[in-house]
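Participant: Sharing a structure here in structure tokens format.
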Amino acid sequence: MAEQSEQTEQTKIQTTYRPGHLSAAKNFVAEHGKPSKAVVEYLGRAGARVVLVGADGALGDVVVPSVSAGEALVEAVDDLEPAEWDAETVNATRISSEHRRKMGRSLLRQ
């Protein structure tokens with residue numbers, strides 16, 4: 001009995017996102033234009049990454065407990081469209097020089 005409730009609790013955690021995830025995604029869409037796109041990527045034990053691509057080409061992300069939680073998050077946000085890394089989505093991104101510097105610094109710290 002305890003094993004079943006533990007599995008149920010773990011399933012509940014894995015398939016839901018937190019209110020902070022929802023507000024982050026909504027704020028991203030509000031700041032970067034409508035419609036925005038979202039690509040849900042599996043990260044393994046860490047869960048899933050919801051990569052956000054704004055109408056202005058800006059990138060953002062939210063890490064959630066699972067792919068199903070990511071898909072539910074995308075569905076819950078108005079003007080956020082599910083997407084894949086196809087040519088249209090890739091070409092819509094505009095990576096700023098600030099973002100490139102930020103990513104480069106993390107490589108130098110290893």
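Participant: Can you list residues whose amide H is under 5 Å from Arg18's amide H, if they're 5+ apart or on another chain and H is modeled 1.01 Å from N?
Facilitator: Amide H neighbours of Arg18: none.
Participant: In debye to the nearest 20, how big a dipole does the range 31-110 give about its Cα centre with +1 on each Lys and Arg Cβ and -1 on each Asp and Glu Cβ?
Facilitator: 720 debye
Participant: If packing is taken as the average number of other Cβ atoms within 10 Å across a peptide's residues, how do 24-34, 79-89 rank, most packed first?
Facilitator: 24-34, 79-89
Quick note: the coordinates plus some simple rules give every number you see, no bench work behind them. These figures come from a predicted structure and were not determined experimentally. Heads up, the Cβs are rebuilt from the backbone with ideal geometry, glycines too, and the neighbour counts pull from every protein chain shown.
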